[in-house]
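Undergrad: Pasting a structure here, questions to come.
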Amino acid sequence: MDDDSYDPKQPESVAAVLKVFAILQALAERDETGVSELSMRLAMPKATIYRFLQTMKSLGYIRQEADSERYGLTMKMFELGTKALQYHDLVELAKLRMQLLADETGETVHLGMLIDSEIIYVHKVDSRHMLGMYSRVGRRAPLHCTAIGKVLLAWEHPERRERILAGCDFKRYRDKTITEPTAFAAELERVRAQGFGEDREEFDDHIRCLGVPIFDRLNQPVAGLSVSFPTFRFDEANAPKVVQLLQDASRQISAELGCTQFPLDPPAAAKAGRAAARRP
């Protein structure tokens, strides 16, 4: 961290706050860390680190592993962070549909939202199988090589999409990662035309993902919903069924957020749905 963070001229209370957040940031970057490692990384005395950790542990923001005595963040930190989300009730609205999706497919289901020029996983339901996609709630992932990132951008307002993409580095994660902005623009057109996004081993090796957007009352994308498969369990012939399950779940969640004209429905279906809704 910056050298001036511990300016001796700072009031003691301000210096303490800076130290607390430095510790939290360090734990966020590398989970299950010991006092000695934190002391070296942050250039703080071990006694100071230990004192702050014990206080945060007593408040429920830090956990300590019984066997290794190493420290990590608790879900209380994530719960605090979700209060900053524009749609902080989205996770509660999505939980049941995500569980049903996981039950139906047997695979890992993610809910992700846009933050800066990345996505962040705000909820997940694990696969019933031993082998599945590694992820965790609170993990960030790139926009350009994830199914959720693609669908959030494909239905985003063009001007805002350009601003978001300006912060995207198009880093190559795997051989199949799209790294050229022009190729990615074509990919977004394809995603929007077909009504879902795909990750074809572009972020993680041997992982395929299918995803759809979730919309708010203004019919704007506010989150993405995806199902992730190890490639050896991914059946291309079964993909349309999974996409239909995803779209059905998104339609229900979007309706609860106030969406009245689900953008993934074809025009004829949307018109019939509105007509049915007007019938006595």
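Undergrad: Calculate, in nm to one decimal, what residue 171 and residue 30 gain on full extension: separation in residues at 0.36 nm each, minus their alpha carbon distance.
TA: 48.6 nm
Undergrad: Please go through the residue pairs 95/171; 19/95; 46/124; 150/176 and name each one whose alpha carbons sit more than 26 Å apart in this structure.
TA: Details: 95/171 32 Å; 19/95 36 Å; 46/124 36 Å; 150/176 15 Å.
Violating the 26 Å limit, Cα to Cα: 95/171; 19/95; 46/124.
Undergrad: Just grab the label-to-label distance for residue 58 and residue 180, each label 7 Å out from Cα along the Cβ direction, in nm (one decimal).
TA: About 6.1 nm separates the two model spin labels.
Undergrad: Still on this structure, I have one more. If a paramagnetic tag sat 7 Å from the Cα of residue 159 along the Cα-Cβ line, which residues of the stretch 210-244 would have the backbone N under 17 Å from that point?
TA: Hits in the stretch 210-244 for residue 159 at 17 Å: 220-221.
Undergrad: Can you tell which of 194, 220, 252 shows the greatest fluctuation in a Gaussian network model of the chain with Cα springs below 10 Å?
TA: Sorting by GNM fluctuation, first place goes to 194.
Undergrad: Can you list the residues of the stretch 19-47 with backbone N under 19 Å from a point 7 Å past the Cα of residue 126, pointing along Cα to Cβ?
TA: 31-32
Undergrad: Say we join alpha carbon atoms closer than 10 Å with springs in a Gaussian network model of the chain; which of 28, 255, 223 then has the biggest fluctuation?
TA: 28
Undergrad: What does the charge dipole of the chain about its Cα centre add up to, to the nearest 20 debye, if the Cβ of each Lys and Arg holds +1 and the Cβ of each Asp and Glu holds -1?
TA: Charge dipole of the chain: 760 debye, to the nearest 20.
Undergrad: I'm spelling it out carefully: the read-out is semi-axes √(5λ) of the Cα gyration tensor in Å, the candidates are (i) 27, 22, 20; (ii) 39, 21, 20; (iii) 31, 24, 18, and one was derived from this structure. Which label?
TA: The listed entry that was calculated here is (ii).
Undergrad: Taking only Cα atoms and a 10 Å spring cutoff, compute GNM fluctuations for the chain and point out the largest among 108, 177, 74.
TA: 74
Undergrad: Return one whole number: the accessible area per residue of the chain in Å², for a 1.4 Å probe.
TA: Heavy-atom SASA per residue in the chain reads 55 Å².
Undergrad: Can you tally the net charge around residue 168? Count Lys and Arg as +1, Asp and Glu as -1, for every other residue whose Cβ sits under 14 Å from the Cβ of residue 168.
TA: Net charge around residue 168: -1.
Undergrad: Mind giving me the FRET efficiency for residue 233 and residue 139? R0 is 25 Å, r the Cβ-Cβ distance, nearest 0.05 is fine.
TA: Computed FRET efficiency for residue 233 and residue 139 comes out at 0.70.
Undergrad: Over the chain, what is the relative contact order in whole percent, taking alpha-carbon pairs under 8 Å and six or more residues apart?
TA: The normalised contact order for the chain reaches 13 percent.
Undergrad: While we're looking at this one, here's another question. At a 1.4 Å probe, what is the % contribution of carbon and sulfur to the accessible area of the chain?
TA: On the chain, the fraction of accessible area on carbon and sulfur atoms equals 53 percent.
Undergrad: In whole Å, how far is the Cα centre of the stretch 220-235 from that of the stretch 134-178?
TA: Value for the Cα centre distance between the two parts: 14 Å.
The values are calculated or read from the model by the stated rules, or taken from the named source; none is laboratory data. What you are looking at is a predicted structure, and each value in this text was computed from that prediction instead of being measured. So basically every Cβ, Gly included, is an ideal-geometry build from the backbone, and we count neighbours across all protein chains shown. Accessible surface is based on the protein model in full, side chains and every heavy atom, while ligands, DNA and RNA are left aside. Shrake-Rupley method; radii C 1.70, N 1.55, O 1.52, S 1.80 Å.
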